[in-house]
1. Below 12 angstrom from the Cβ of T54, what's the summed charge of the other residues (Lys, Arg +1; Asp, Glu -1)?
2. Is it possible to state the helix-based mean residue ellipticity at 222 nm for the chain, with each DSSP H run of 4+ residues giving -39500 (n - 2.57), the sum divided by total residues, to the nearest 500 deg cm²/dmol? What is it?
3. For each of M40, M1, count neighbouring Cβ atoms within 10 Å of the residue's Cβ, then give the residues from fewest to most.
4. For E13, E73, E30, what ranking results if the residue with the fewest other Cβ atoms within 10 Å of its Cβ goes first?
5. Would you work out which of A94, A59, G23 lies farthest towards the positive end of the dipole of the chain? Charges go on Cβ: Lys and Arg +1, Asp and Glu -1.
6. In nm, give the distance between the simple-model label positions of H41 and F76, each being 7 Å from the Cα along the Cα-to-Cβ direction.
7. Give me the dipole magnitude in Debye, nearest 20, for the chain about the Cα centre, with unit charges on the beta carbon: positive for Lys and Arg, negative for Asp and Glu.
8. With a sphere of radius 13 Å drawn around the Cβ of T77, what net charge do the other residues whose Cβ falls strictly inside it have (Lys, Arg +1; Asp, Glu -1)?
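Each reported figure results from applying straightforward, stated rules to the coordinates on display, with no laboratory input. Predicted model only: the values in this text are computed from it and were never measured. With ideal geometry, Cβ positions are generated from the backbone for all residues, glycine too; neighbour counts draw on all protein chains shown.
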Amino acid sequence: MVDWAAFSRTRSELGPGFVRILGYFREDGEKSVAKIEDAMHRRDATALVIPAHTLKTEARQFGAEPLGALAEEIEFTARRSIEMRVFPDELVPAVAKLRPLYSQTMALFEKETNPLVERRPAFGRAGAHNQNFGRL
């Protein structure tokens, strides 16, 4: 679901600003998903394009390829439908998958970036045996 190499690369490139930028993605992503859902309910193909494009670009920056690919499908299908002057009813299943996929992706990002979440040891490293110390 996440290309962790791309995620790590972005994390390294952004340095200390990474957590702040990831927070912006969390906020912007939530808004983009809501705008896409609203545009589908209003049957406004034009209103699908910008939030889908934004979500696609930001998701791929953090290595969330399935989310980026789904947003790209929504964006390109909406663009084609605008040119053809029809509403893209075929996007209903894709838009229905969008929020759950976004939520799952953000949960993985949270698990990876939250220092209080227990993680599996990296390959070749022994795990700490006191991970539950002090927990009830």
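1. Details: positive: K31, K35, K56, R60; negative: E27, D28, E30, E58, E72, E75.
Net charge in that neighbourhood comes out at -2.
2. On the way: 5 runs with 94 residues, N = 136.
For the chain, the value works out to -23500 deg cm²/dmol.
3. On the way: M40 23, M1 13.
The order, fewest Cβ neighbours first, is M1, M40.
4. Numbers: E13 11, E73 18, E30 15.
With the fewest neighbours first, E13, E73, E30 line up as E13, E30, E73.
5. Projecting each Cα onto the dipole axis, the largest value belongs to G23.
6. 2.9
7. Details: 20 positive and 19 negative charges, 81 e Å.
It comes to approximately 380 debye.
8. Values: positive: K56, R79, R80; negative: E72, E73, E75, E83, D89, E90.
Result for the neighbourhood of T77: -3.
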